[in-house]
Amino acid sequence: MAKNLVIVESPAKAKTINKYLGRDFQVKASMGHVRDLPKKSLGVDVAKGFAPQYEVLPTRKKVLDELKAAAKDATAIYLAADPDREGEAICWHLAEELGARARKKVRRVVFNEITKKAIAEAFKTPGGLDEKKVDAQQARRILDRLVGYKVSPILWDKVRRGLSAGRVQSVALRLICDREREIRAFVAEEYWTVTAHLGAAQPPAFSANLLKKDGKNVEIGSAEEAAKVRADLEAAVYRVEKVVARERRRHPVPPFITSKLQQEAFKKLRFSVRKTMQVAQRLYEGVELGPDGSVGLITYMRTDSTRVSDDALLAVRQHVGATYGEDFLPEKPVVYKTKKDAQDAHEAIRPTDLAHDPEAIKRYLSKEEYALYKLIWNRFVASQMRPAVYDETVVDVVAGSYLLRAKGSTLKFKGFLAVYEETPDEKREARPGSAEATAKEDSTEPEDATDQLPPLAEGDVVALRKLDTDQHFTQPPPRYSEASLVKELEENGIGRPSTYASIISTIETREYMEKREGKLYPTELGFLVTDLLTAHFQDIMNVEYTAAMEAELDEIEEGRDNLLNTLNQFWKKFEKDLKKAQKEMKDVKAMEEATDQVCDKCGSPMVLKWGRYGKFLACSNYPECKNTRQMPGGEGADSAELHDDVAKEVCPKDGQPMILKKGRYGPFLACSNYPECKTTKRLVRGEGGKLQVEQLAPIDEKCPDCGSDLMWRRGRFGPFIACSSYPNCKYIKKKEAREIGLLCPDCGQGQVVERKGRWGRFFYGCRRYPECRFTAYHKPLAEACPDCGRPYLLEKETKKEGKVVFCGNESCHYKREAA
């Protein structure tokens, strides 16, 4: 029997570690946290020094019993959870629950990567639990619990049940709401750009942009100003005033930290922040690599340090020299600065072993795993390569009192760009003449390769071939994407690498914001909650205050502050805000604001109320009159983003105007004559994200049962064709079975067709049903299995493996990636 017990968080991690330890070790998984604060109560005794009242999670009782049984007979107990605050807290909770006798045998082992060498070194020098790190985690947990369980009930009472507030999530939501308000308040300004297309004595032709007049930046704000500048330039003589040729270097970027990995995975792979962390977790804990077994492919993925171990630096330098040549290898390792508040105990995210080339192990990885691993691999390799070198030429051309500038840049040496190029951040176009545009013109950062400039010398006269004056309008700041929100949170010191994914996920789950085409839009509910919290809890809704709290948690971990002092300072002000908010926060449930709208049913004034799906207008004569309609032009974006034609829609049955309403599945149009007429129209998002009425193609066909026109309708399983006389006629046209080009392998007579089952699921069956009952839930392919000879193969697609072709014979294990 094994003498030593090792406890980790997950079965995958346990499996990978187990192969590196001998028979004297038994590795078990705790399945994450084994205990937490209770769900049904606050679980924090404020009067007794914020004492937490932990309880074992119901889903972990069986696991904990197994761990206790294994711990009784163990000589030593090694706790090997992740090397961060959460991992340390998991270990502490395990030690507490295993009992006093077992605690004497507890050792803490910490490793940054799951490799044979790292595991061996960790078990050579086990230590004790880091109490300061545990205190930092407990402080965060208690702070989050106090905010969540004290503020959320106020929102339940004043707005609606089910809402929540969070110490960090609410600030993140405020950032999204503030950006949306900035966009809506933005007033576009007209500006013009001028580009001269010039020709020198030798080709090629080149372009120069207008920059200054009489030594001052030029801002052209109207067509009249543009016409005057155009007239001046068309009459001017163009002469080269200055030519500056220089060599520019573009330096590689550091290996990934968590936030940068999330941002790049979003921009390059279109992975959500949550998906990035899920895939990275699998790569860290271990992936089955055929005969090599389970292998941890990357270092720990929750880190804000760019530090790299000496062994890893030596390995990557050898790889660069052997793969790309000595020209690409710097004279000495490149060392990157880590930001001031980073937790430098961890390394950057990198491959654990450069022998595991992404292409060599691709067949063992899912599509997502391969894509993310390759991204991490390339970034790490590129970080230890020489800079890219550009030959850049900047030419100033004078035309009378005007100065124009042309830039030519060509890539001379690829350097790290042979492996990796970082995706640029999304930015607003700089208006010519602005400080931002001037800074860009004067920047020493090389741009991507552009057309070459012809040979030019100072004093050369160049000919004007063409002059472009183009009208533009300034653009509002871009809405946040998941990537740009993570960047904003990181720059403001809000949250930590381990919390970014959960912050975004919580805001979306609570319906405070929604994602459309990769952008984050606050909902009407999100605006309301943000405004209420900002008015009554200015501290917890303040970006600087939240960042300062994160810094205090870091100080607890570093031993420069303590848990009780931090919690006491927070509670003093927070308790006062709570009492004030309970009395003074606006009761949205009971809110009735007068409007100038009149009820179209009884003529009484309409009042503004707040319901489950946002603001709406209701008749003040309720309950005698129950008329309601959606508030036009509300801040919740839906009504503000209607296509122009939506407001003109009329009911096809009684000709009454259609009004905007909001239900559990979002906005829709309903007849204003409800409940006498219950006609509705579905709204979908068209170009530009505007809501428009869904247009289903008309059917030039009669109902075979009653002779009425057939029409498209929409049901729970999507669009279908039915009689327009419903409910008098309930005819539904069945979808024709689609042949897939395969003769039935059972009867050899009928074609295999695609069908839809009773519950909406598609399957494949023989056209001769019920004479032949062949069925398959995966698409059959007209290709015999090369291993067992079965006359057909099947094709399926899963999240983990992507699209694969496999044999349906249970005794045959043939499988390959689909073409």
Applying the selection to region 288-319, what residues are touching a strand residue (DSSP E or B) at 6+ places or on another chain (Cβ under 7 Å), under 16 Å from R350 (Cβ atoms) and surrounded by fewer than 23 Cβ atoms within 10 Å (Cβ to Cβ)?
V295
Search result, residues across region 221-238 that are over 45 Å from the mean Cα position of the chain (by Cα) and open to solvent by less than 70 Å² (accessible area, probe 1.4 Å)
A227, V229, A231, D232, L233, A236, Y238
Has region 503-519 got any residue that is modelled with pLDDT under 95 and over 18 Å from the mean Cα position of the chain (by Cα)?
no
Selection status of P351, within 28 Å of R85 (Cα to Cα) and either open to solvent by 30 Å² or more (accessible area, probe 1.4 Å) or not β-branched (V, I, T) (or both)
yes
In region 142-167, which residues are touching a residue at least 40 places away in the same chain (Cβ under 8 Å) and under 15 Å from V46 (Cα atoms)?
I142, L143, R145, L146, V147, Y149, K150
Can you tell me which condition R246 does not meet? The list is (1) within 30 Å of V395 (Cβ to Cβ); (2) touching a Phe, Trp or Tyr at 6+ places or on another chain (Cβ under 8 Å); (3) not hydrophobic (A, V, I, L, M, F, W, C), and all the others hold.
(2)
Checked region 523-570 for anything in a helix (DSSP H, G or I), more than 18 Å from R140 (Cα to Cα) and open to solvent by 50 Å² or more (accessible area, probe 1.4 Å); matches are D531, A535
Out of all the residues in region 784-819, which are open to solvent by less than 30 Å² (accessible area, probe 1.4 Å), at pLDDT below 85 and not in a loop (DSSP other than H, G, I, E, B)?
G802
What is the residue count in region 8-32 for residues that are over 18 Å from A69 (Cα atoms) and touching a residue at least 60 places away in the same chain (Cβ under 8 Å)?
9
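Among the residues of region 34-79, which ones are among the hydrophobic types (A, V, I, L, M, F, W, C), in contact (Cβ under 8 Å) with a residue 60 or more places away in the chain and assigned to a strand (DSSP E or B)?
First, the residues of region 34-79 that are among the hydrophobic types (A, V, I, L, M, F, W, C): 34, 37, 42, 44, 46-47, 50-51, 56-57, 63-64, 67, 69-71, 74, 76-77, 79.
This time we only want the ones that are in contact (Cβ under 8 Å) with a residue 60 or more places away in the chain, so: 34, 37, 42, 44, 46, 50, 67, 70-71, 74, 76-77, 79.
Scanning region 34-79 gives V44, A76, I77, L79.
One line per residue, one yes/no per condition, for (1) more than 30 Å from G87 (Cα to Cα); (2) open to solvent by 30 Å² or more (accessible area, probe 1.4 Å):
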{"residue": "I142", "(1), (2)": "no, no"}
{"residue": "P153", "(1), (2)": "yes, yes"}
{"residue": "D157", "(1), (2)": "yes, yes"}
{"residue": "R161", "(1), (2)": "yes, yes"}
{"residue": "V194", "(1), (2)": "yes, no"}
{"residue": "K216", "(1), (2)": "yes, yes"}
Do we have any residue at all in region 266-273 that's among the polar types (S, T, N, Q) and farther than 30 Å from A118 by Cα?
yes
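Going by the structure shown, is H346 part of a loop (DSSP other than H, G, I, E, B), open to solvent by 10 Å² or more (accessible area, probe 1.4 Å) and more than 27 Å from E88 (Cβ to Cβ)? I'd like the intermediate steps shown before the answer.
On the way: part of a loop (DSSP other than H, G, I, E, B): yes; open to solvent by 10 Å² or more (accessible area, probe 1.4 Å): yes; more than 27 Å from E88 (Cβ to Cβ): no.
When the stated conditions are applied, H346 does not pass them.
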Among the residues in region 763-783, are any small (G, A, S), open to solvent by less than 70 Å² (accessible area, probe 1.4 Å), in a loop (DSSP other than H, G, I, E, B) and in contact (Cβ under 8 Å) with a residue 40 or more places away in the chain?
no
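Can you pull out every residue in region 281-298 that is among the polar types (S, T, N, Q) and assigned to a strand (DSSP E or B)? Before the answer, list the steps.
So the first thing to find is which residues in region 281-298 are among the polar types (S, T, N, Q), and the list is 281, 294.
Result: S294, single match.
The values are calculated or read from the model by the stated rules, or taken from the named source; none is laboratory data. Source: prediction; values computed, not measured. A quick note on method: Cβ atoms are made from the backbone with ideal geometry, for glycine too, and the neighbour counts reach across all protein chains shown. Surface accessibility is based on the protein's heavy atoms, side chains included, excluding ligands, DNA and RNA. Shrake-Rupley method; radii C 1.70, N 1.55, O 1.52, S 1.80 Å.
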